[in-house]
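Heads up, the thing below is written out as structure tokens.
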Amino acid sequence: MTTFSDQLYQYGGVPVGGLLTQGKVFHIKPYLGVNAGLGTNILEPYKTILYTHSQMTADQNDVALFYAGSNAGTDTTDYLLAAAPLVWSKDLTHLIGVGAVTPQGTRCRVAWSSATSTASNTVMATFSGDSCFVANIAFFCGIDDANLSFNTLVSGSRNHFKNCYFAGIGHATNDVATAYSLTVSGDENLFEDCVIGL
């Protein structure tokens with residue numbers, strides 16, 4: 001069953017760039033998943049991106065499908081704690097949102113939990129792996145904590161971000177001199193049809 005113009009299949013194999021992957025396909029549903037069970041079975045999805053990434057194997061083109069649950073933020077957001085921000089560090093692993101492909105407010109979303117806080121500057125999402133594909137994901141940083149003002153850092157190289165929304169400084173408290181929606185220190189990264197900033 002083809003769901004996107006780039007031939008991404010919702011079930012079974014997942015073509016990335018038109019090719020079927022030799023790796024595993026994992027399923028993520030923040031609104032009803034649990035970080036136990038198989039994760040590779042759509043009936044037993046994982047709850048968080050971070051846990052799913054821990055189960056993936058680098059250099060195998062493993063793919064994580066992140067499913068939107070509804071239009072409500074609570075049903076479609078992976079809420080992070082400052083003690084466990086998202087770090088995507090494995091080369092050739094991929095993260096794809098399955099939902100409406102909109103340029104802003106994509107309903108496959110990563111954000112800080114309103115319950116989190118920290119005494120030191122913490123980046124919400126870091127992509128340090130190389131040659132990864134990330135599509136249809138929104139990264140929203142907007143919590144009342146000046147130390148949580150740093151949305152997405154891409155330190156890896158040769159990554160491809162497609163239709164992603166990097167929305168930082170979403171609260172007045174985040175308006176500090178060093179805050180950012182997106183910062184890139186790696187080489188040869190491609191940002192296609194992405195929106196950066198609120």
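The values are calculated or read from the model by the stated rules, or taken from the named source; none is laboratory data. None of the values given here were measured: they were computed from a predicted structure. Reconstructed Cβ throughout: ideal geometry from the backbone, glycine too, with neighbour counts over all protein chains shown. Accessible surface areas use protein heavy atoms only, side chains included; no ligands, DNA or RNA. Shrake-Rupley method; radii C 1.70, N 1.55, O 1.52, S 1.80 Å.
Selection over segment 187-198 of residues that are open to solvent by 60 Å² or more (accessible area, probe 1.4 Å) and touching a Gly at 6+ places or on another chain (Cβ under 8 Å) gives a count of 1.
Would you check if there is a residue in segment 54-65 being of a type in the set (Val, Ile, Thr), modelled with pLDDT under 95, more than 12 Å from the chain's Cα centre (by Cα) and part of a loop (DSSP other than H, G, I, E, B)?
So in segment 54-65, the residues of a type in the set (Val, Ile, Thr) come out as 57, 63.
Next cut, modelled with pLDDT under 95 only: none.
No - not one qualifying residue is present in segment 54-65.
In segment 30-51, the residues that are of a type in the set (A, V, I, L, M, F, W, C) form Cβ pairs under 6 Å with partners that are open to solvent by 80 Å² or more (accessible area, probe 1.4 Å), at six or more places apart or across chains, as follows: Val34/Lys47. Of all residues in segment 165-198, those satisfying the criterion of being touching a Ser or Thr at 6+ places or on another chain (Cβ under 6 Å) and among the charged types (D, E, K, R) are Asp187, Glu188.
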